[in-house]
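K.L.:
One structure, as structure tokens, below. Some questions next.
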Amino acid sequence: MIERLVNLTWILVGAAAATLSWRIGLTGPYGPDSGLFPFVAGLFVAAGGVALMLARSHATADLEWPDFAGWTRILGVIGALAFMALAIPYLGFAIASLVTMIILLRTVEPGSWLSTLVLAVVSVAATLALFVGLLDLQLPRGPLGF
């Protein structure tokens, strides 16, 4: 029963995200607008919830809670995403994304600092190249101008 409620929650969250992003606007006079990506992501989340709802149940009799390392990863991901949501208006997309990627990479699968920094910089640069360079979208700028 809990599994079905969780699946229904994913369907509702995805549908709500798609609906709200539709109100923002999917396209504008110059191409894709700021609501397109959240709309597509919302559709994927809702479709995943439908697929899980239609799939055979994998419920187990014994519920296993994460160990300390698992809870650290869960809280690290939630904290990183909350940081990004709160920091974008003040730091801009690039800096907030860079810090978020560093937190995520160090929390989920810790590696060397060098590999973490390189992967974070490359992923943020690729994201900026895609959305700003290719799609010509305006992302929030921070105090340093990017």
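K.L.:
Tell me the net charge near Gly70. Cut-off is 15 Å between Cβ atoms, Gly70 excluded, with +1 for each Lys or Arg and -1 for each Asp or Glu. Can you show the working numbers first?
P.N.:
Values: positive: Arg73; negative: Glu64, Asp67, Glu109.
Net charge in that neighbourhood comes out at -2.
K.L.:
Here is a further query. With a 1.4 Å probe and all protein chains left in place, how much accessible area per residue does the chain have, in Å²? Please report the intermediate quantities before stating the final value.
P.N.:
Details: 10260 Å² over 146 residues.
With the other protein chains kept in place, the chain gives 70 Å² per residue.
K.L.:
Shifting gears a bit: Quick one: which of 110-121, 76-87 comes out on top by average Cβ neighbours within 10 Å, and what's the full order, highest first?
P.N.:
Working: 110-121: 12.6, 76-87: 14.4.
Most protected by this proxy first, the peptides run 76-87, 110-121.
K.L.:
Counting only protein heavy atoms, what percent of the accessible surface of the chain is carbon or sulfur at a 1.4 Å probe? Present the calculation step by step, with values, prior to reporting the outcome.
P.N.:
Working: 7720 of 10260 Å².
For the chain, the apolar C and S fraction of the accessible surface comes to 75 percent.
K.L.:
Taking loop as defined by DSSP and a crowding limit of 13 other beta carbons within 10 Å, which chymotrypsin sites (Phe, Trp or Tyr not before Pro) in the stretch 3-37 fit?
P.N.:
Details: sites: Trp10, Trp22, Tyr30; in loops: Tyr30.
Sites meeting the loop and neighbour criteria: Tyr30.
The values are calculated or read from the model by the stated rules, or taken from the named source; none is laboratory data. Predicted, not measured: the structure shown is a model, and the values here were computed from it. Counting neighbours? That spans all protein chains shown, and the Cβs are built from the backbone with ideal geometry, glycine included. Protein only, heavy atoms only, side chains kept; ligands, DNA and RNA dropped before computing areas. Shrake-Rupley method; radii C 1.70, N 1.55, O 1.52, S 1.80 Å.
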